[in-house]
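Input: a single structure, listed below in structure tokens.
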Amino acid sequence: MPEGKDASTTATSEVTIDRYVGFCDILGFSNRILTDFDGTVEIYKQFGDVLTSVPAKGEEGVEITVYSDAVLVTGQALGRVAGAIQNVWFLALAHNLMIRGAITKGRYWEQRQGNHMFVASDALVRAVKLERSVGIPAVVIADDIEIPDAFWVHRFANGLYVTPILHFRDRNIVNPFNLMWCRSAGDRARRLMADSPTHRDKYLWFLALHEAVTNGQELVPPAVMARFVRDGILVRKVPEGAPPQ
């Protein structure tokens, strides 16, 4: 081995595989960096602590990269990727920030050579393009991704705050809320709207989602819900006093 080099600088690994790729933009983060660099670094450290606590389980694990105001999440399981992005939402809202992004699926090539990493992915390219087209504070799931029924059953079995994916206003999105952080998320969104009235429509969309979750709406694609009822997977409850269907 040449003098001055070790295995860490010469080892090379390469992989090509289909993956779910989530690309998220932390809205307002760039301004934080310019106005409060030291404070932003502390937020970065918290992001690292939270995101690296996401449990990995074999091939279902996720890889997370945070650079400047962008977060890249990749994995072979949609639930793992969506769950990691839920954690991004939690930390962003805790610091009066919101995120916008997209999840796609496709080919993902990665080569690690020592301290360097090279990535080429059609899924990443499409995720970046989709993120740019999203005009609301949400992480949307590409229309060509088939979401297994288990995700929608999970919503009824475990509740809206736990399920990682919701359907709202014709979009499948990552759930930005959790058991510990729902009411506070709404309060923070209202404060952000007051501070940035030019983005009022975007905050109103988020607050409408917040209201739908707190009110316990189904937030499942109508066609899926109808099929679940038809097949007996779910039974709709008729309110007391309501006329028979």
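A quick yes/no check of all residues on (1) touching a Leu at 6+ places or on another chain (Cβ under 8 Å); (2) buried (at least 16 other Cβ atoms within 10 Å of the Cβ):
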site: Ser121; (1), (2): no, yes
site: Ala127; (1), (2): no, yes
site: Gly135; (1), (2): no, no
site: Asn158; (1), (2): no, no
site: Pro164; (1), (2): no, yes
site: Phe168; (1), (2): yes, yes
Yes or no: region 210-219 includes at least one residue that is out of contact with any Lys or Arg (no Cβ under 6 Å at 6 or more places or on another chain), at pLDDT 95 or above and not in a helix (DSSP H, G or I). yes
Quick one: count up the residues across region 8-40 that are over 22 Å from the mean Cα position of the chain (by Cα), of a type in the set (Val, Ile, Thr) and at pLDDT 75 or above. 2
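Would you point out which residue out of Asp144, Asp149 is surrounded by fewer than 16 Cβ atoms within 10 Å (Cβ to Cβ), acidic (Asp, Glu), in contact (Cβ under 8 Å) with a residue 60 or more places away in the chain and over 19 Å from Leu27 (Cβ atoms)?
Numbers: Asp144 fails: in contact (Cβ under 8 Å) with a residue 60 or more places away in the chain.
Exactly one residue qualifies, and that residue is Asp149.
What are the residues in region 47-78 that are modelled with pLDDT of 75 or more and assigned to a helix (DSSP H, G or I), if any?
From region 47-78, those modelled with pLDDT of 75 or more are 61-78; that's our starting set.
If the condition is that a residue be modelled with pLDDT of 75 or more and assigned to a helix (DSSP H, G or I), then Leu78 is the only one that fits.
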Taking only region 188-200 into account, find how many residues are within 24 Å of Ile165 (Cβ to Cβ) and out of contact with any Phe, Trp or Tyr (no Cβ under 7 Å at 6 or more places or on another chain). 1
Residues of region 163-209 that turn out to be under 17 Å from Leu91 (Cβ atoms) and outside any helix (DSSP H, G or I), as a count: 10
(1) touching a helix residue (DSSP H, G or I) at 6+ places or on another chain (Cβ under 8 Å); (2) at pLDDT 95 or above all hold for Arg171 apart from (1)
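Yes or no, residue by residue, for (1) within 14 Å of Ile99 (Cα to Cα); (2) among the aliphatic types (A, V, I, L, M):
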site: Leu130; (1), (2): yes, yes
site: Ser133; (1), (2): yes, no
site: Ala142; (1), (2): no, yes
site: Gly159; (1), (2): no, no
site: Ile165; (1), (2): no, yes
site: Pro176; (1), (2): yes, no
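The values are calculated or read from the model by the stated rules, or taken from the named source; none is laboratory data. All figures in this text were calculated on a predicted structure; none of them were measured in a lab. Cβ atoms come from the backbone with ideal geometry, glycine included; neighbour counts cover every protein chain shown.
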